[in-house]
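Reading through the structure tokens given below for one structure.
Every number in this text was worked out from the coordinates using simple rules, so none of it is lab data. All figures in this text were calculated on a predicted structure; none of them were measured in a lab. Every residue, glycine among them, receives a Cβ derived from its backbone with ideal geometry; neighbour counts consider all protein chains shown.
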Amino acid sequence: MIEFRRTLPRALLVMAGIGLSTAALAATTEAEYRAAKDRADAEYKVARDRCDTLAGNDKDVCVLQARAERVRTRAQAEAAYKDTPKARAAAEKDIAGANYKLSRERCDALAGNAKDVCVAQAKAARDKSLADASAGRKAAEARSEAAQTRRDADYKVARERCDSLAGAAKDQCVAEAEARFKQ
């Protein structure tokens, strides 16, 4: 039960941060993380084999689609496992890069102005995703820093209250303050 209480809030934060799939959400332990990576590789091989029946640009798009899915699944699993703003931002950047390559390949089927517009849209989508990843990381770091500042301030207040006590009562008060705010 204790493990559930620790992993659920972490998983919910990760899901809110980058919209993880359910397979990647479960990747909170090293074993689950490795299993998610292995699953991603196995699914990639199956999807890649399906592409062998295609030819030309359709095959290229199929291969890149399989790679993009593998990148997404692996990146999300790693972000869930590491559970840091940096890992979540890196996952979003990896996913944006894979999606960009896929979009660019889809544009190759077009010609002229339609292709130029398609490429511009792909670049714009990538740039938006990268900006969102950077902003999300900065916001998460700012929230973390603010929470630490609040805890430090609350600790100082609690310690100040302990100063009015003496002896064992003061020692107990200080120990309680440290236990509560110095996690």
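What shape does the stretch 52-183 take by its C-alpha gyration tensor, where a ≥ b ≥ c are the square roots of the eigenvalues and a/c under 1.5 counts as rounded, a/b above b/c as prolate, and the rest as oblate?
Numbers: a/c = 12.42, a/b = 3.42, b/c = 3.63.
It comes out oblate by the Cα gyration axes.
Each residue of the stretch 81-86 was assigned a 3J(HN,Hα) from its phi angle through the Karplus curve 6.51 cos²θ - 1.76 cosθ + 1.60 (θ = phi - 60°); the sequence is 5, 6, 6, 10, x, 5 Hz, with glycine and proline shown as x.
For a test of the definition: using alpha carbon positions, the gyration tensor, and the 1.5 limit on a/c, classify the stretch 21-121 as rounded, prolate or oblate. Write down the numbers at each step before the final one.
Working: a/c = 4.89, a/b = 1.65, b/c = 2.97.
Note, shape of the stretch 21-121 comes out oblate.
What does the C-alpha gyration tensor say about the overall shape of the stretch 65-107? Classify as rounded when a/c is under 1.5, otherwise prolate if a/b is larger than b/c, or oblate. In terms of gyration-tensor shape, oblate.
Anything over 22 Å Cα to Cα? Flag those among 59/101; 37/86; 93/115; 82/156, in the order listed.
On the way: 59/101 14 Å; 37/86 19 Å; 93/115 24 Å; 82/156 31 Å.
93/115; 82/156, as the Cα separations exceed 22 Å there.
With θ taken as phi - 60° and the Karplus curve 6.51 cos²θ - 1.76 cosθ + 1.60 applied, the whole-hertz 3J(HN,Hα) list for the stretch 125-133 is 5, 4, 4, 5, 5, 5, 5, 5, 5 Hz, x standing for glycine and proline.
If r is the Cβ-Cβ distance from residue 125 to residue 153 and R0 is 35 Å, what FRET efficiency results, to the nearest 0.05?
Numbers: r = 42 Å, r/R0 = 1.20.
Efficiency computed from Cβ-Cβ geometry: 0.25.
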